[in-house]
Amino acid sequence: MKLIYEQSKPGRRASTLPQYDLPAVEVPTELRRAAPPRLPELAEPELVRHFTELSTRNFGIDTGFYPLGSCTMKHNPRVNERLVMLPGFKDLHPCQEEDGAQGALELMWRLQEILQEVAGLHACSLQPAAGSQGELTGLMLMRAYFEDIGEGEQRDTIITADTAHGTNPASVTMSGYKLEKVATDARGNLDVDDLRAKVNERTAGLMLTNPSTLGLFDEHIEEVAAIFHDAGSLLYYDGANLNAVCGISRPGDMGFDIVHINLHKTFSQPHGGGGPGGGPIVVREKLEPFLPVPAVVRDGDEFRLDHDRPKSIGKVRGFTGPFGVFVRSYAYIRAYGPALREMSEVAVLNANYLLARLRDAYDLPYDRLCMHEFVLSARALKREHGVSALDVAKRLMDYGYHPPTIYFPLVVPEALMIEPTETEPKERLDAFVDAMLAIAREAAESPELLHDAPTTRPVRRLDEVKAAKRAVVKYGFEEHPDLSGEAGEARQLEAQKGA
Ligand SMILES: Cc1ncc(COP(=O)(O)O)c(C=O)c1O
């Protein structure tokens, strides 16, 4: 497929604009362009074909099964898009006076109330724009709290699990805390002995995902909470996996003091490719004074923004947060109503169904009932047939599936982390299992098929490091002045290799 610049022909246009009949604005010479911008020049049909063709080379939840563990790629109901587009929401200016934005403020207030109920905690801020920003905000709250009670200097360490998502250690470091890691025991829980040895008067808190990134609910969570609370420390719940437990168990009841909720993973959003997301944080009473401002509050029948919070850590995002994400999440939750737990029950059921059907063909490092996702290992395939988790993932693409998360969590060699979500029907799950079983057979009979995969996708194996570290995101006019003939073809071949 040719790049859009390679299709460009001077003088072609996709549209014509009417003559500009306002007086020309005098732009200072030093701010003026010396030459017109180098934009691609195409007629509209070719332009439409180009982008339509590109869209067919992408993979999304709307084109197929997307079992990307830890990312919770669930269906985004279309009715929620209609709601987001209601003029009262869509056209609202972020600087609108409060009395002209009562509906939006009420929606945010109601969402806060629901999230408090789901988390089993007392106060909420919707501001953080993603789980990772919720983590940073939560750690800033911890710091503000300990400074307020005179223990700011003393408490300098945060403990995380060795299964933690990469954003956990990153947030700990960004917020200026030292990081201490605790091991995982043979059943996939936090190793309580290792934990006891590491918690002391310097510990500010624990940061934990429960269920963990292994898809397992920690069997000692109350004991773990007691260890931290006895040491005067706080517990932070990374709510990325809340989709497993909504309406069933609550982080606040488990003993957690601060929770972030990845709205885009629990209450649907068209996420992926970096956004949009929402990472509200919910906290216990004693942490409420430190929450970001403005707080959305209710005053009788009115809703307003409260800036008067002297102990607040301040703002963590513009205005009141990603409002469109709030509308979709609120609509998703209201569609379930009091039956919200069914969402989590079906997510857990779907994951256990897949696990039961796949467990004999792949290694299962922690043999327990899973929550909403589970981790298999391609360790035996590698040992016996030289086939890696990467090979399995690439071969799945030939079967028309988005690969699961691989090589994470780090404690499982050749990890394949599979999360079906609750919005997949049994037929879809069965078809995925058939593909996984066929791939396990191929690994034994013709491993080269897997080494070469994918063979049916627009691109073969990329040099992924180069593609990530040296992504080419602008057209190199100087390097590729001749776009036609052999030079153009050679360039396309290079692009397919990720160069
Ligand atoms: C366990 C866990 N924690 C934190 C995050 C970070 O969330 P976000 O991508 O919204 O920043 C993720 C994201 O995948 C996750 O899986």
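Is at least one residue of the range 381-402 surrounded by fewer than 21 Cβ atoms within 10 Å (Cβ to Cβ), touching a Pro at 6+ places or on another chain (Cβ under 9 Å) and acidic (Asp, Glu)? Yes: one or more hits. Among the numbered criteria (1) at pLDDT 95 or above; (2) within 11 Å of the chain's Cα centre (by Cα), which single criterion is violated by Gly275? Just one mismatch for Gly275, condition (1). Within the range 453-476, the set of residues being hydrophobic (A, V, I, L, M, F, W, C) and not in a loop (DSSP other than H, G, I, E, B) comprises Val465, Ala467, Ala468. Among the residues of the range 55-87, those identified as modelled with pLDDT of 95 or more and farther than 30 Å from Asn241 by Cα are Leu86, Pro87.
Among the residues of the range 187-204, just one is closer than 23 Å to Val283 by Cβ and within 16 Å of the ligand (Cβ to nearest atom), namely Leu190. When each of Gly64, Gly103 is tested for being outside any helix (DSSP H, G or I), touching a residue at least 12 places away in the same chain (Cβ under 8 Å) and surrounded by fewer than 21 Cβ atoms within 10 Å (Cβ to Cβ), the lone residue that passes is Gly64.
Of the residues examined, Gln102 is one that is closer than 30 Å to Tyr332 by Cβ and modelled with pLDDT of 95 or more.
The residues on offer are Glu135, Glu151, and the sole one that is touching a Pro at 6+ places or on another chain (Cβ under 9 Å) and in contact (Cβ under 8 Å) with a residue 40 or more places away in the chain is Glu135. Residues that are touching a residue at least 60 places away in the same chain (Cβ under 8 Å) and either part of a strand (DSSP E or B) or more than 9 Å from the ligand (Cβ to nearest atom) (or both) within the range 264-274 comprise Thr266, Phe267, Ser268, Gln269, Pro270, Gly272, listed in sequence order.
Restricting the range 251-272 to residues that are under 23 Å from Glu219 (Cα atoms) and of a type in the set (A, V, I, L, M), the residue that is nearest to the chain's Cα centre (by Cα) is Ile261. Could you tell me which of the residues Thr56, Thr72 is of a type in the set (S, T, N, Q) and in contact with an Asp or Glu (Cβ under 9 Å, 6 or more places away or on another chain)? Of Thr56, Thr72, the one residue that is of a type in the set (S, T, N, Q) and in contact with an Asp or Glu (Cβ under 9 Å, 6 or more places away or on another chain) is Thr72.
Could you give every pair whose Cβ atoms fall below 6 Å, whose first residue belongs to the range 373-400 and is outside the structural domain of Leu242 (by TED's automatic domain parsing), and whose second residue is among the basic types (Lys, Arg), counting only separations of at least 6 or pairs across chains? Hits for this filter: Ser388/Lys382; Met397/Arg457.
Inspect the range 30-52 for any residue being of a type in the set (Ser, Thr, Tyr) and within 36 Å of the chain's Cα centre (by Cα) and give the result as yes or no. Yes: one or more hits. In this structure, does Ala226 turn out to be surrounded by fewer than 15 Cβ atoms within 10 Å (Cβ to Cβ), without any contact (Cβ under 8 Å) to a residue 24 or more places away in the chain and more than 16 Å from the ligand (Cβ to nearest atom)? Taking the combined requirement at face value, the residue does not satisfy it. Of the listed requirements (1) more than 16 Å from the ligand (Cβ to nearest atom); (2) closer than 29 Å to Gly247 by Cβ, Ser125 misses just one: (1).
Considering the range 122-138 alone, what residues qualify as being surrounded by 24 or more Cβ atoms within 10 Å (Cβ to Cβ) and either more than 23 Å from the chain's Cα centre (by Cα) or not assigned by TED's automatic domain parsing to the domain that holds Asp238 (or both)? Across the range 122-138, there are no qualifying residues. Within the range 162-180, not a single residue is away from the ligand (no atom under 16 Å from the Cβ), out of contact with any Asp or Glu (no Cβ under 8 Å at 6 or more places or on another chain), in a helix (DSSP H, G or I) and over 20 Å from Val224 (Cβ atoms).
Here Pro37 fulfils each of the conditions (1) over 24 Å from Met108 (Cα atoms); (2) not in a loop (DSSP other than H, G, I, E, B) apart from (2). Of the conditions (1) more than 16 Å from the ligand (Cβ to nearest atom); (2) in contact (Cβ under 8 Å) with a residue 40 or more places away in the chain; (3) under 19 Å from Phe267 (Cα atoms), Met85 satisfies every one except a single condition; which number is it? For Met85, the exception is condition (2). Residues that are in a strand (DSSP E or B) and more than 11 Å from the ligand (Cβ to nearest atom) within the range 205-216 comprise Gly205, Leu206, listed in sequence order. From Arg250, Arg304, Arg341, Arg284, grab the single residue that is of a type in the set (D, E, K, R), away from the ligand (no atom under 16 Å from the Cβ), in contact with a Cys (Cβ under 7 Å, 6 or more places away or on another chain) and on the phi < 0 side of the Ramachandran plot. Of Arg250, Arg304, Arg341, Arg284, the one residue that is of a type in the set (D, E, K, R), away from the ligand (no atom under 16 Å from the Cβ), in contact with a Cys (Cβ under 7 Å, 6 or more places away or on another chain) and on the phi < 0 side of the Ramachandran plot is Arg341. Among strands (runs of 3 or more DSSP E) entirely within the range 279-344, having at least 2 residues that are over 22 Å from the mean Cα position of the chain (by Cα) and surrounded by fewer than 22 Cβ atoms within 10 Å (Cβ to Cβ) singles out 295-299, 302-306.
The values are calculated or read from the model by the stated rules, or taken from the named source; none is laboratory data. Everything numeric in this text was worked out from a predicted model, so none of it was measured. Counting neighbours? That spans all protein chains shown, and the Cβs are built from the backbone with ideal geometry, glycine included.
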